[in-house]
Amino acid sequence: MNDYLLSFVLGIVEGLTEFLPVSSTAHLRISEALLGIDLSNGYWKMFSIVIQLGAILCLPIYFRRRIIEFLSTFPRGIRGDRTALTHPLTLTLIAFVCTSIPALLLTKVIGKNLENLALMGAFLIIGGIVMWVVDSIYGNRNRSGDVESIRMGQAIWIGLCQTLGPLFPGTSRSMATISAGELAGLSRTTALEFSFLLSIPTMFAATGYEFLKSIKDPEAGIGALHLGSHELVILAIGFVVSFVVAWAVVAWFMNWVRSRGFVPFAVYRIIAGIAVLIWASK
């Protein structure tokens, strides 16, 4: 496949799956395997980081008004009933810490199974079943409240559950945080919005960590690369495509969840997981 077309396709895959509860890691790894990309190659490691960064950057821009609103009302909150410890910004950071500490402690375990297609297929199915059950039981309940009413315990619980995403490839950070939020008593919309807000520090930290780790690799790492104009254009295409597609997905997903649930994504996960297991067994 032409390099420019390859960059375009992978940018679409990353943008489509980064924030939907279907596991972008699994979809990107599967796409790369299907397209015959050498994942140990330093350039394609960099490419994966760049397109992920493109998708992540859409969040602070898309939610810029919400973030500015949080910053301007700290620490009392929009309704004036929050404290420095219970403000949404603080709770987001607390949830981030609850994710990052276990993730750092389990770094070796997390990186171990990233290329295991059979494991990805299995966790796509397991995550799909969990999401289906949780959303069917809790998603239809009439729940009031919004991100400004999230409690400390709920934020800690969601942060801890988000660790399942990188620990078990195919699980999906988005799926873990959304299902955890619904289990903790949040409405679908609130669980999704908090999932997006939590993704900002989490994904920037994860991407930055992967970037630094790749630089330190003296042989196959990013630091050993000598990029020409051709390679830079490919990176730029993937970055821009990923950003634009992710923006459209976030806008669409927020509107979708207001009137519908997460079950269609659970069904898709199960079907995709079965397909991956069949493929991995051949």
**Item:** Value of [θ]222 nm, deg cm²/dmol, for the chain, DSSP H segments ≥ 4, -39500 (n - 2.57) each, nearest 500
**Value:** -24500 deg cm²/dmol
**Item:** Cβ-Cβ FRET estimate between residue 280 and residue 41, R0 fixed at 25 Å, reported to 0.05
**Value:** 0.70
**Item:** Over the chain: Kirkwood hydrodynamic radius from C-alpha pairwise inverse distances, Å
**Value:** 19.3
**Prompt:** What is the helix-to-structure angle for 263-281, meaning the angle in degrees between its Cα long axis and the longest Cα principal axis of the chain, kept from 0 to 90 and rounded to the nearest 10?
**Reply:** 30
**Asked** Gap in Å between the Cα centre of region 237-253 and the Cα centre of region 69-87?
**Response** 30
**Message:** Rounded to the nearest 20 debye, what is the charge dipole size of the chain about its Cα centre when +1 sits on each Lys and Arg Cβ and -1 on each Asp and Glu Cβ?
**Reply:** 800
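Tell me, which longest segment in the chain has none of the GluC sites (Glu not before Pro) that fall in DSSP loops with at most 15 further Cβ atoms within 10 Å? Each step should come with its number before you reach the end.
Numbers: sites that count: 115, 219.
That would be 1-114.
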**Prompt:** Using the Karplus equation 6.51 cos²θ - 1.76 cosθ + 1.60 (θ = phi - 60°), what ³J(HN,Hα) coupling, rounded to whole Hz, does each residue of region 199-206 give in order, writing x for Gly and Pro?
**Reply:** 5, 4, x, 5, 6, 5, 5, 5
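No value in this document is a laboratory result; all are computed from the given coordinates. Here the structure is a predicted model, which means the values were calculated and not measured. Counting neighbours? That spans all protein chains shown, and the Cβs are built from the backbone with ideal geometry, glycine included.
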